[in-house]
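Everything on this sheet refers to the single structure shown next.
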Amino acid sequence: MRKFIAGAGLALFIGACAGGAVPGLMMTAPAEVSASVPYIVAAVADPRRPEADTTRDALRHPAEILAFVGVQPGWRVADV
């Protein structure tokens, strides 16, 4: 039984180490994603956003974060 468990553990370890890039998986740059989603662009450009928030947009990249999280129209989102 111990040999079986040791062998299974070794197989799992080797399998975990054999990872790598998934063939055919294409990553989209965050800027491209956020620019193609009109409701995210509209939310970030909303004039009702406080000035304190809009001045930090260059550092915080709100459109990219909203696109990454997958925010949908009608959701209520809080930055905590």
_Where the second residue is part of a loop (DSSP other than H, G, I, E, B) and acidic (Asp, Glu) and the first is farther than 16 Å from VAL71 by Cα and lies in segment 41-59, which pairs have Cβ atoms under 7 Å and are six or more apart or on separate chains?_
none
*Which residues, counting only those in segment 14-47, are assigned to a helix (DSSP H, G or I), at pLDDT below 75 and either within 30 Å of ASP79 (Cβ to Cβ) or among the aromatic types (Phe, Trp, Tyr) (or both)?*
PRO30, ALA31, GLU32, VAL33, SER34, ALA35
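In segment 48-68, how many residues are outside any loop (DSSP other than H, G, I, E, B) and surrounded by 11 or more Cβ atoms within 10 Å (Cβ to Cβ)?
Total satisfying the criteria: 11.
The values are calculated or read from the model by the stated rules, or taken from the named source; none is laboratory data. The structure presented is a predicted model; accordingly, all values stated were derived computationally and were not measured. Cβ atoms come from the backbone with ideal geometry, glycine included; neighbour counts cover every protein chain shown.
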